[in-house]
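The values are calculated or read from the model by the stated rules, or taken from the named source; none is laboratory data. Model, not experiment: these values are computed from the prediction. Note that we place each Cβ from the backbone using ideal geometry, even for glycine, and neighbour counts take in every protein chain shown.
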Amino acid sequence: MSNEDASVTSAIDTVRSDVPKHIAIIMDGNGRWAKARGLPRASGHERGVEALRRTVEGAADIGIRYLTVYSFSTENWRRPASEVNALFGLLKLFIQKDLSRLKREGVKIRVIGRREGLPKDISELVDKAEFETAENDTFFLNIAFNYGGREEIARAVKRLAADVGSGVHASSDVTEDLVASYLDTAGMPDPDLLIRTSGEYRLSNFLLWQAAYSELVFFDVLWPDFDQVWLMKAVEMFRERERRFGGVTPEDN
Ligand code: IPE
Ligand code: IPE
Ligand code: MG
């Protein structure tokens with residue numbers, strides 16, 4: 001075991017008791033990673049999938065239950081068709097290659113975001129991944145694909161409005177909890193910790209409702225270089241934060 005592995009293992013022992021339940025990650029910087037190496041952007045995305053595999057494994061190892069990763073935004077359609085196709089191809093490959101292993105390991109997959117407009121082969125594969133892992137409850141992996149926070153909220157409001165129109169709910173029943181139950185993340189805890197790689201300091205339309213009180217961590221590392229050591233660093237930073245949720249610290253009371 002290398003020194004680095006040993007320090008990760010001892011850090012894992014100390015955090016197990018106090019890890020965030022739900023981590024959300026904006027996996028950014030694949031293009032810059034590839035560019036720095038004179039490679040096509042698509043190879044940065046390929047290496048990004050490796051980082052995702054390491055992260056799922058690392059998160060499960062330290063006792064995190066929910067991981068939500070941003071893999072294609074509603075705004076990413078603005079990229080050249082060749083890159084959009086490469087990203088779709090990678091989701092397909094990820095599901096085809098990893099589904100049986102994830103299923104065996106007790107991972108429940110949910111793909112959040114807009115389904116309309118996705119190519120038929122992708123939406124069928126997504127349905128299959130969700131269906132085959134529906135009974136799992138060891139670890140919850142949410143893949144945000146064709147996802148935008150505003151689009152998710154608008155779609156939720158549209159369904160809620162239809163239910164109010166048909167008398168399922170009265171307009172006076174509309175509460176934060178009711179709205180949340182119409183979102184793609186219905187039934188899940190909000191992310192405690194949100195990580196963005198690549199040195200950009202913005203949410204880029206990710207989990208706008210759910211991240212209202214998430215602790216934010218920004219790293220300069222490019223996503224393909226992300227690993228369990230970075231994940232541990234984020235968890236350590238999270239543990240040092242004082243979460244007040246609008247209240248005051250007990251000693252100031
Ligand atoms: C993140 O990497 C992956 C997606 C947005 C799909 P980018 O492709 O945004 O990489 P940069 O930001 O251009 O380096
Ligand atoms: C956010 O990254 C979307 C994903 C990581 C999937 P972008 O690279 O698309 O975000 P911007 O354009 O820098 O805001
Ligand atoms: Mg980017």
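Scan the stretch 26-45 and tell me whether some residue there is modelled with pLDDT of 95 or more and in a strand (DSSP E or B).
Yes, the stretch 26-45 contains a residue that is modelled with pLDDT of 95 or more and in a strand (DSSP E or B).
Is it the case, given these coordinates, that residue 113 is among the small types (Gly, Ala, Ser), away from ligand 1 (no atom under 12 Å from the Cβ), over 16 Å from residue 56 (Cβ atoms) and modelled with pLDDT of 95 or more?
yes
Under 7 Å between Cβ atoms, which residue pairs at least 6 apart in sequence (or on different chains) link something in the stretch 194-215 that is farther than 20 Å from residue 245 by Cβ with a partner that is among the charged types (D, E, K, R) and within 13 Å of ligand 1 (Cβ to nearest atom)?
Hits for this filter: 196/28; 197/28; 198/28; 198/32; 199/220; 200/28; 205/75.
Just one of 132, 200 is of a type in the set (Asp, Glu), more than 15 Å from the chain's Cα centre (by Cα) and within 15 Å of ligand 2 (Cβ to nearest atom); which is it?
Only one candidate qualifies: 200.
Which numbered condition trips up residue 117, out of (1) under 30 Å from residue 244 (Cβ atoms); (2) in contact with a strand residue (DSSP E or B) (Cβ under 8 Å, 6 or more places away or on another chain)?
(1)
Residue 12 - would you say it is farther than 21 Å from residue 196 by Cβ and either away from ligand 3 (no atom under 16 Å from the Cβ) or at pLDDT 95 or above (or both)?
For residue 12, the condition - farther than 21 Å from residue 196 by Cβ and either away from ligand 3 (no atom under 16 Å from the Cβ) or at pLDDT 95 or above (or both) - is met.
In the stretch 186-242, what residues are away from ligand 1 (no atom under 16 Å from the Cβ), in a loop (DSSP other than H, G, I, E, B), surrounded by fewer than 16 Cβ atoms within 10 Å (Cβ to Cβ) and not aromatic (Phe, Trp, Tyr)?
The answer is 186, 187, 189, 208, 212, 241, 242.
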